[in-house]
Every structure is written in C-alpha cells, then in structure tokens.
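Each remark here refers to the structure printed beneath this line.
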Amino acid sequence: MTPTKIEHIGIAVENLDEAIKYWENVMGLKCYNIEEVADQKVKTAFFRIGEVKIELLEATSEESTIAKFIEKKGAGVHHVAFKVEDTDQALKDAEAKEVRLIDKQARRGAEDLQIGFLHPKSTLGVLTELCCEKK
Ligand code: ZN
C-alpha cells in the first residue's frame, strides 16, 4: 500500500452544532456536508482545507466508538484517513505485514467512501483509516 494523500482528519466532538460553529466562526471554514452514518452510530460534518478535509464526528448512541473514545480520552483528534488506490487491497497488504485490522473488509463510510481501519496498537497509537472512492 502506498497512500497518495491525507484524505481527512477525523475529530471526535461532544456537540456537533457547537463544533461546527467553532470551525465556521473561528477558523472561517464552511461546513459543506452533514451526514449521519447509521451503522457507525455517528453524525459527521465536513470542511475542506485545500486538499484535506476535516471530519467532525459526534456519537448518536452511547455504544458508538466515538462515545467510548470521548469517555476515555476526551474530545479531540480521533483518526487520520489516508487515500489509497483500493481499500480492500491496502487492508490485505497491511495484514500481510502483521498489522492488526479493525476492518477485515472495506465498508461504506461517510461521503460514500470505501473505508477500513487499522488498529492503533499496530500503528504507533494513530487510529488509521484507509479510504478510496467507491468503485
Ligand atoms: Zn474518517
């Protein structure tokens, strides 16, 4: 796997509306998409900064991994998403190098991307998302 760019940075927030206000009023960026991803129990908001996006994530249920993350570590940077050619192939490549996977197979994420996560225990503490556009 060779990522071609950082696609987005995921930030866990406690309150999406307040977080959007910060990013719009202080950072001066415009939220261009709000989307709920039901199977991940999150609501997301997106901003563009040049080629990179910021993805704000609010839990919609206490079972959400975002809720658990905030409970343990507080709000803040949650994951870094790298764009790859093919998410399934990149997951296989990582597994072949003994990286622990959270997702064995790509699944649908926000913005219709095919996403898969590597476990932070295998990635020096950085929850790593691999993503590509849907084929
Ligand atoms: Zn993400």
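Read the figures in this text as sums done on the coordinates, not as results from a lab. For clarity, every value in this text was computed on a predicted model and none was experimentally measured. In this analysis, Cβ positions are derived from the backbone assuming ideal geometry, glycine residues included, and neighbour counts consider all displayed protein chains.
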Task: Candidate set: segment 39-63, residues that are buried (at least 19 other Cβ atoms within 10 Å of the Cβ) and more than 12 Å from the chain's Cα centre (by Cα); chosen: the one nearest to residue 112 (Cα to Cα) - done: 47
Task: Members of segment 109-130 that are out of contact with any strand residue (DSSP E or B) (no Cβ under 7 Å at 6 or more places or on another chain) and at negative phi - done: 120, 121, 122, 123
Open item on the list: For segment 58-81, give me each residue that is on the phi > 0 side of the Ramachandran plot and either more than 15 Å from the ligand (Cβ to nearest atom) or touching a Phe, Trp or Tyr at 6+ places or on another chain (Cβ under 7 Å) (or both).
Closed with: 74
Task: Boolean, residue 84 is within 16 Å of the ligand (Cβ to nearest atom), on the phi < 0 side of the Ramachandran plot and either loosely packed, with under 13 Cβ neighbours inside 10 Å or of a type outside the set (A, V, I, L, M) (or both) - done: no
Open item on the list: Tell me whether segment 113-133 contains one or more residues that are over 24 Å from residue 39 (Cα atoms), within 16 Å of the chain's Cα centre (by Cα) and more than 12 Å from the ligand (Cβ to nearest atom).
Closed with: yes
